[in-house]
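Working notes, structure below.
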Amino acid sequence: MTDFNYRKLDEIIHSRIRLAVMAILINVEEAEFLFLRKQINTTDGNLSIHLKKLEEAGYIAVKKSFVNRKPVTAYRLTDKGKNAFRNYINHLEGFIKK
Amino acid sequence: MDQSKAMEEITFIKKVITDSQQIFVNNGRQYILWSSLAILGILLKYINDLTKISISALWIWIPILFIGWLSTFILKKRFYKELPAKTFVQKIFDGSWTALAVAFPILCLVGFYTHAIQPWAVPSVIATIFGCGYFITGILSDSLWIKLLAVCWWIFAIVMFLIPGEHSVPLLGLMLILFQLIPGILIYVRWKKKTGI
């Protein structure tokens with residue numbers, strides 16, 4: 001028996017797409033929407049919903065700009081997001097080690 | 001959630017991180033810029049020698065390096081704006097070429113000025129550095145033809161060390177066209193097609 005409690009897992013991160021977004025952003029300074037979509041292989045609408053959730057939780061920050069006259073939306077992990085991701089990983093690893 | 005599910009999650013995270021880390025953009029602009037400037041420098045040096053104006057080689061190469069660095073700075077600023085994500089591999093790629101670009105003036109200008117490096121050895125030194133840059137690029141992009149470019153530069157460096165002479169500089173110019181300018185154009189055209197920029 002383990003004392004692992006799945007309820008302790010961060011529900012905001014505990015979704016495949018949001019987890020993938022966090023895993024990508026932990027490695028880069030920032031990433032564009034199109035880059036995330038290509039890496040995660042999902043639709044615009046689906047990704048937007050998940051990004052919105054992460055943004056509302058304060059885990060990611062959004063930056064909108066124009067590059068070559070085209071609008072570009074870039075995302076980066078906030079410190080809160082980085083800590084949440086690390087905690088999530090630690091929690092999973094702790095469970096596996098038990 | 002059981003342990004196998006947790007393991008699956010960790011494996012998924014590792015895969016996402018590994019996949020995204022490996023992505024980097026090489027648009028070839030730097031190769032075109034630096035090879036064009038180097039060819040211009042070689043031509044000016046050739047005209048200088050031919051007309052016997054006898055301007056010091058440093059007065060040719062210092063402005064060229066200054067233009068190169070300034071253009072690189074402007075291009076990089078623009079490039080980072082266009083970059084979809086600055087990955088770890090991108091940092092290694094950019095960092096490696098920046099380090100090599102710093103090594104160039106140290107070896108070829110300071111080394112030349114202090115007589116630590118003989119003028120006849122300069123083309124070989126340049127070729128050795130290019131070989132290192134292309135080899136790193138080939139490894140990062142997992143591209144055999146870029147790794148072969150590195151081998152060509154190193155072979156040229158060895159040959160020029162063994163058989164130095166007046167032919168070294170024009171041969172370096174030819175190498176720059178064949179193994180720097182043309183690959184740069186090819187990489188640039190490919191990148192343009194891929195990104196649609």
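List of remarks:
- Helix axis angle, B:122-141 relative to chain B longest principal axis, alpha carbon, degrees: 10 degrees
- Relative contact order for chain A, counting Cα pairs under 8 Å that sit 6 or more residues apart, in percent: 33 percent
- Straight-line cross-link partners of B:Lys5 among the lysines, defined as a Cα under 27 Å from its Cα and at least 8 positions apart when in the same chain: A:Lys8, A:Lys38, A:Lys52, A:Lys53, A:Lys80, A:Lys82, A:Lys97, A:Lys98, B:Lys14, B:Lys15.
- Shape category assigned to the range B:34-173 from the gyration tensor of Cα positions, a/c cut at 1.5: oblate
- Shape call, the protein assembly as shown: gyration tensor on alpha carbons, a/c limit 1.5: prolate
- Chain B, relative contact order in percent, only Cα pairs under 8 angstrom and at least six apart counted: 32 percent
- Cα long-axis angle, helix B:57-82 against chain B (0 to 90 degrees, to the nearest 10): 20 degrees
- The angle separating the long axis of helix B:144-162 from the principal Cα axis of greatest extent in chain B is about 30 degrees.
- Taking a straight line from the alpha carbon of B:Lys91, these lysines sit under 16 Å away, with near neighbours fewer than eight places off in the same chain left out: B:Lys76, B:Lys77, B:Lys81.
- Shape metrics for chain A, restricted to C-alpha atoms - Rg then Dmax, Å: 14.8, 58
Every read-out reported here was derived from the displayed coordinates using simple, explicitly stated rules and does not represent laboratory data. The structure presented is a predicted model; accordingly, all values stated were derived computationally and were not measured.
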